[in-house]
1. If I go through the stretch A:117-134 residue by residue, how many of them are buried (at least 21 other Cβ atoms within 10 Å of the Cβ) and more than 7 Å from chain B (Cβ to nearest Cβ)?
2. So A:Leu151 ticks every box in (1) touching a strand residue (DSSP E or B) at 6+ places or on another chain (Cβ under 6 Å); (2) in contact (Cβ under 8 Å) with a residue 60 or more places away in the chain but one. Which box is left unticked?
3. Go through the stretch A:1-55 and give me each residue that's of a type in the set (S, T, N, Q), within 12 Å of another protein chain (Cβ to nearest Cβ) and either more than 23 Å from A:Gly165 (Cβ to Cβ) or in a loop (DSSP other than H, G, I, E, B) (or both).
4. Would you call A:Glu79 more than 10 Å from chain B (Cβ to nearest Cβ), over 13 Å from the mean Cα position of the chain (by Cα), under 21 Å from A:Phe163 (Cα atoms) and not β-branched (Val, Ile, Thr)?
5. Can you tell which of B:Leu12, B:Leu45, B:Leu40 is open to solvent by less than 40 Å² (accessible area, probe 1.4 Å), under 30 Å from A:Ala110 (Cα atoms) and in contact (Cβ under 8 Å) with a residue 60 or more places away in the chain?
6. From B:Thr145, B:Thr60, B:Thr95, grab the single residue that is of a type outside the set (A, V, I, L, M, F, W, C), within 14 Å of chain A (Cβ to nearest Cβ) and either more than 30 Å from B:Gly43 (Cβ to Cβ) or open to solvent by less than 80 Å² (accessible area, probe 1.4 Å) (or both).
There are 2 protein chains.
Amino acid sequence: MANMYDISIPPLVLTLNNLSNILKKGETYADTKKIEHTVLLNGRLFPDMFALTRQIQIATDMSKGAGARLANIEVPKYEDDETSFVELQARIANTITFLEGIKPSQLENAETRHIELMVRKTKLEFTGLDYLSRWVKPNVYFHVTTAYNILRHNGVELGKLDFLGPR
Amino acid sequence: MANMYDISIPPLVLTLNNLSNILKKGETYADTKKIEHTVLLNGRLFPDMFALTRQIQIATDMSKGAGARLANIEVPKYEDDETSFVELQARIANTITFLEGIKPSQLENAETRHIELMVRKTKLEFTGLDYLSRWVKPNVYFHVTTAYNILRHNGVELGKLDFLGPR
């Protein structure tokens, strides 16, 4: 058996720390190559896909939503107005601070908690465990991987260890 | 508390089924647009990143390795010689069949099982739970997302529901 806290909060914090490091490498690359930051921040893999900034906003949204809903506390609201690496780093850092403030005891029995969320106009309902396994994890990894892929596609030198984190 | 089987085998099977559907859409797109299959199969987001075929090989490797190691049975060997959509679909289907053959009882106490694996020349050691949370899940989602992104970057019409699966 696995503890709900162990399979949610620490892996999310690790992933967000990795995202922060990936983004930092993107910023350093832009500065070294004298590329305007907005070029990378608006980078995307296809015209109707979300740009880098939005990928980071969604990855952090999914993470704060997961911590809050599994702990049964209010989901923090963000303004979604970041336009720089500094502001995106602050968003990631705030999300990590929020998650690190959640105690294992708040996630006791979270696996059976009834979770509802609105996605556009559709109400989704999950058990806590399905919410984590079938919604949060795939979504967070999807958007962090896509942020990585956008930077990689633009020439930033990243390797899978940047995505997985230090061992 | 969450059962190790519930947080490993069904999410992996779901993700592989989604990968199969994504790949099917890629094949249909190639046929509709009269694009040689190898163009998509060799597609990549940057010259030194892995191509689509390799992304699928790694996603399935990570999945079969996870099922086998957590159940403490032998990891199936694949030849890694797929050169077509049909062969890649067979690889995904074989992996799903392998995972579906694993019983929940085989994963009892898998969270504390000592897991060792060689990655190139480095030995990695994990508890079963860390192996699943810090290695398998991020790696599988990374390679499935990158397969999705390669196809999306090449114009295949995919949406996040293709990645997340039916609800």
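1. 3
2. Looking at each condition in turn, A:Leu151 falls short on (1).
3. Result: A:Asn3, single match.
4. Answer is no for this residue.
5. Within the list B:Leu12, B:Leu45, B:Leu40, the selection yields B:Leu12.
6. B:Thr145
The values are calculated or read from the model by the stated rules, or taken from the named source; none is laboratory data. Being a predicted model, the structure only gives us computed values, none of them experimental. Glycine also receives a Cβ, built like all others from the backbone with ideal geometry; neighbour counts cover every protein chain displayed. In case anyone asks, the SASA skips ligands and DNA or RNA and just uses the protein heavy atoms, side chains included. Shrake-Rupley method; radii C 1.70, N 1.55, O 1.52, S 1.80 Å.
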